[in-house]
Structures are given as C-alpha cells and as structure tokens.
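Read-outs: derived from the displayed coordinates by stated rules, not from any lab. Predicted model, so just to flag it, every value in this text is computed and none were measured. Heads up, the Cβs are rebuilt from the backbone with ideal geometry, glycines too, and the neighbour counts pull from every protein chain shown.
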Amino acid sequence: MADTVLVIAAHPDDEILGCGGAMAGHIDDGDSVHTAIMAEGITSRDDKRDRSKRQNELARLHEAVHKANAILGVTDITLFDFPDNRMDGLERLDVIKVVESLIEKVNPDIIYTHHRGDVNVDHGVVHDAVVTACRPLPGHKYPHTLLFFEVPSSTEWQPPDTSAPFVPGWFTDISSALDRKLKALSEYGSEMCPWPHPRSLRAVEHLARWRGATIGVDAAEAFMLGRRLNFRP
C-alpha cells in the first residue's frame, strides 16, 4: 500500500539536506510526497525584518524550492511566510495551528521534520509544533511514522551538553538517490557554501557516505524515530 509522506522543514533547502534522498526513494516506490516550508528563509540577514526589500531574492528562492523538489519528483509544495530565524518570537499555538491544518489537508502516513536539538531556533520551533500536532488523540487521524532528520551546519553545531544530541537509530539507503539529492541541492546556490563548510555539496556527500558505511551501503540518511505504529490509525 502506497504511503502519503509529508516533509515539514523550517527553511528552503532544509528538506533536501535532511531527507532529500528518502524523498526520492518514496517517489520511486510510488508514494505521494508533499513538501512544506515554514519560514521564508531570507530576512534574517537584516537587523530588522523587511520583506519588501528582499522580494527579488525571495522570488528566486521560491523558484529554487520548486526546481529542487522537482528533481526528486515532488510537485506538491506549500510555502508559508513565517519570519526567518525569528520563529521563537511567535506564539507557539499560532505555529501549531498552521501545522495542524497542513496535516489535516495532506493526511500523511509518514512525517519527516527537524530534530529538536538543532542550534537553529526555527528548527526547534517547527519540531515542537509537529510533535504537538501529531499527538495520538483517540478518534483522530495521525501519522503512523514520525521521523526527525539532521541538517548539516545546524544539528552537529549544537553542543551535546546543552540539548538532546542527535543519536540516529533509523537509516534509509539512498545509494540510488544520492546524485539526485546533490543535484537538487545545487539549485539552492544562494544557500550552499564552499568546502569545508558542512553545508557544502562535498560535505553533504561525505555525510551520506559515512551514514551509509554505518549500515554497510554506499550512502544513507540517518533519522531519529519519534514514533512508529504497526497499524494505520
């Protein structure tokens, strides 16, 4: 039976960095994959948020989202407009309500989202909102699998004694999808960095090769399991 998959990421490029290979694999398997990006991804570069002065950059970034996801085979994309790297200043319930509405609309079987301990504040806010929205209330539809991904230049930069460390116990073989993941990331030219930055194409490939070697395959993505049910609610 095909699954409906929902990827909820804080910023453009987080979805590909965190689970782009898994997304391509789901598409290959006949699953339906939906991408949701919560924050606009640009205005934190200014002292004060001024969306109007960044319109052209935002338009190019949104175009990159669609091109990157299309490379993986994903065409259902929802872009929200929460403030970039300022989501901790929002009412938590406001973010939860948006995620709840998204989940109600998509009705996913599987959700991928951020690890709680990332150094990026928006990642933690999105994680908390997804976990709250996915609480298994009796009589409600909720995903049977909830997975938390790592994002290079955020997950590994959080000192382990300040937050819960990323300790993966779920791995997905992306050997056949790694090239597509890297090609998709190439569409995010404004977000990627030169080696040896961890958010460089070379570093992303190295991480995938290491995660693959961990489980004896050419390349893999690693996740922490939030919840897994052996039935469909």
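A protection proxy built from the mean count of other Cβ atoms within 10 Å ranks the segments 24-36, 56-68, 134-146, most packed first, as 24-36, 56-68, 134-146.
Annotation: the residues Arg180, Arg227, Arg45, sorted from fewest to most other C-beta atoms within 10 Å of their own C-beta, follow the order Arg45, Arg227, Arg180. When only C-alpha pairs under 8 Å and at least 6 residues apart count, what is the relative contact order of the range 87-145, in percent? About 43 percent, as a whole number. The lysine pair count for the range 4-228, using Cα distances under 30 Å and pairs eight or more places apart or on different chains, is 14. From its DSSP helices (H runs of at least four residues, each -39,500 (n - 2.57)), the chain gives a residue-normalised ellipticity at 222 nm of -12000 deg cm²/dmol. Here the chain is assigned +1 on the Cβ of each Lys and Arg and -1 on the Cβ of each Asp and Glu. Its dipole about the Cα centre then comes out at about 140 debye.
For the chain, the relative contact order comes to 24 percent (Cα pairs under 8 Å, sequence separation of at least 6).
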